[in-house]
Amino acid sequence: MRILFVNFILLSSLAYADFYYISYKYVVKDFQLYNEQILVSRAMQSCAGTISQSIVFEKKNNDTFENFIKYKQDKMIDFFDKLGLHVKSYDSFNTTNSHTNTTITFFTQCFKVDFNDNFVKISALK
Amino acid sequence: MKKNIITGSVITALALGFSACASCQPDDNLPCNTKQISPVQQKARVIQMPMTKKSLPKLPKNTPVLQCNKPLRISVVGQGVAPCNGACSPAQALALAKRAAIADAYRLIAEKVKGVYVEGNDYVKNMMIKKSTVRTHVAACLRNTTIVETSFKDGLCQVEMEIKLKYADIVR
């Protein structure tokens with residue numbers, strides 16, 4: 001009976017967890033931040049895969065997940081760093097001037113999100 | 001009579017020795033006293049020769065080398081400047097400069113670990129250099145970097161970043 005109940009809880013939590021696609025990119029030109037964007041989109045169907053790494057945030061106000069992510073951008077970048085960030089840099093040096101262009105990208109990945117009243121749990125899927 | 005026989009044998013022995021040495025090709029680096037190699041073995045040696053030439057280059061002293069039992073730490077200092085010239089608040093300037101410094105640190109780590117593609121172009125006209133350009137390009141995927149220290153002074157943010165390389169991670 002107890003096992004059935006636990007299974008029911010697990011299945012219900014799986015069924016009600018949301019899946020979001022998140023990507024992040026920022027461009028630095030000549031040692032100055034030029035452009036930064038984090039894109040969040042709700043998945044239309046659940047993503048397959050097992051949970052690899054998770055991050056938990058405390059939630060205080062009634063924001064949407066998209067806005068919540070934007071407030072917690074710094075922590076999210078640290079989380080993306082654990083998952084893997086792509087670095088591309090192009091530098092050109094001339095007799096008169098030099099330019100540096102660095103792009104940091106976190107490619108679009110599906111996350112399982114438990115968006116509750118008190119906390120938010122974002123889990124990366126593998 | 002005996003003397004003549006001894007001297008004769010010595011001369012023949014020397015002559016034989018010299019003839020054996022003459023059979024050695026001048027290109028061979030092997031000493032003459034090594035035993036004769038059959039043509040099959042020689043062919044095998046020729047095939048194996050390029051393999052032996054691919055040995056690791058000699059590194060300068062105190063160069064950090066990744067070993068299987070010891071993780072290697074690579075540390076860099078990235079720099080960034082706030083894009084607004086006095087237009088934004090100090091806190092905003094710090095946040096923006098820090099982001100730029102982190103990107104620079106990522107680039108430096110990628111340069112150290114993976115290497116840099118360097119491309120140079122010189123445009124010469126009438127035996128004179130008109131234009132000289134050097135382009136560098138880095139592309140890598142980084143994971144598990146840590147920020148050790150952050151400092152902000154006179155609008156310049158410096159971020160010390162570290163990456164721990166493990167032999168197992170690279171082999172995988």
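The values are calculated or read from the model by the stated rules, or taken from the named source; none is laboratory data. All figures in this text were calculated on a predicted structure; none of them were measured in a lab. No Cβ is skipped: glycine too gets one built from the backbone with ideal geometry, and neighbour counts run over all protein chains shown. All accessible areas refer to the heavy atoms of the entire protein, side chains included, with ligands and DNA or RNA removed. Shrake-Rupley method; radii C 1.70, N 1.55, O 1.52, S 1.80 Å.
Per-residue answers, yes or no, for (1) without any contact (Cβ under 8 Å) to a residue 60 or more places away in the chain; (2) loosely packed, with under 14 Cβ neighbours inside 10 Å:
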{"position": "B:Ile109", "(1), (2)": "yes, no"}
{"position": "B:Met127", "(1), (2)": "yes, yes"}
{"position": "B:Cys141", "(1), (2)": "yes, yes"}
{"position": "B:Thr146", "(1), (2)": "yes, yes"}
{"position": "B:Ser151", "(1), (2)": "yes, yes"}
{"position": "B:Gly155", "(1), (2)": "no, no"}
{"position": "B:Glu160", "(1), (2)": "no, no"}
{"position": "B:Lys164", "(1), (2)": "no, yes"}
Legend entry - Residues satisfying the stated conditions in region B:129-139, i.e. open to solvent by less than 50 Å² (accessible area, probe 1.4 Å) and not polar (S, T, N, Q): B:Val138, B:Ala139
Inset, instruction - Pick out the one residue from A:Lys88, A:Lys82, A:Lys75 that is farther than 18 Å from B:Glu111 by Cβ, charged (D, E, K, R) and over 10 Å from the mean Cα position of the chain (by Cα). - result: A:Lys82
Inset, instruction - State which residue is nearest to B:Phe152 (Cα to Cα) when the search covers only region B:61-78 and only residues that are open to solvent by less than 70 Å² (accessible area, probe 1.4 Å) and either assigned to a strand (DSSP E or B) or within 14 Å of another protein chain (Cβ to nearest Cβ) (or both). - result: B:Gly78
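Please state which one of B:Ala140, B:Ala105 is in a strand (DSSP E or B) and of a type in the set (A, V, I, L, M).
Numbers: B:Ala105 fails: in a strand (DSSP E or B).
Selected residue: B:Ala140, the only one of B:Ala140, B:Ala105 that is in a strand (DSSP E or B) and of a type in the set (A, V, I, L, M).
Can you pull out every residue in region A:27-43 that is closer than 16 Å to A:Lys121 by Cα and loosely packed, with under 14 Cβ neighbours inside 10 Å? Step through it out loud before you land on a result.
So the first thing to find is which residues in region A:27-43 are closer than 16 Å to A:Lys121 by Cα, and the list is A:40, A:42.
Scanning region A:27-43 gives a single hit, A:Arg42.
Here is a yes/no grid of residues against (1) exposed (fewer than 14 other Cβ atoms within 10 Å of the Cβ); (2) in a strand (DSSP E or B); (3) touching a residue at least 60 places away in the same chain (Cβ under 8 Å); (4) within 14 Å of chain B (Cβ to nearest Cβ):
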site: A:Tyr24; (1), (2), (3), (4): no, yes, yes, yes
site: A:Gln45; (1), (2), (3), (4): yes, no, no, no
site: A:Phe57; (1), (2), (3), (4): no, yes, yes, no
site: A:Asn67; (1), (2), (3), (4): yes, no, no, no
site: A:Ile77; (1), (2), (3), (4): no, no, no, yes
site: A:Val87; (1), (2), (3), (4): no, yes, no, yes
site: A:Tyr90; (1), (2), (3), (4): no, yes, no, yes
Inset, instruction - Give the number of residues within region B:85-102 that are without any contact (Cβ under 8 Å) to a residue 24 or more places away in the chain and either open to solvent by less than 40 Å² (accessible area, probe 1.4 Å) or part of a helix (DSSP H, G or I) (or both). - result: 7
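Please verify whether A:Thr105 is open to solvent by less than 90 Å² (accessible area, probe 1.4 Å) and in contact (Cβ under 8 Å) with a residue 40 or more places away in the chain, treating the condition exactly as stated.
It is true that A:Thr105 is open to solvent by less than 90 Å² (accessible area, probe 1.4 Å) and in contact (Cβ under 8 Å) with a residue 40 or more places away in the chain.
Suppose we keep only residues that are open to solvent by 80 Å² or more (accessible area, probe 1.4 Å) and at pLDDT below 90 within region A:10-22. Which one would you say is farthest from the other protein chains (Cβ to nearest Cβ)?
To start, the set of residues in region A:10-22 that are open to solvent by 80 Å² or more (accessible area, probe 1.4 Å) comprises A:10-11, A:14, A:16, A:21.
Right, trim to at pLDDT below 90 and you get A:10-11, A:14, A:16.
Numbers: A:Leu10: 30, A:Leu11: 33, A:Leu14: 28, A:Tyr16: 31 Å.
Checking each candidate, the answer is A:Leu11.
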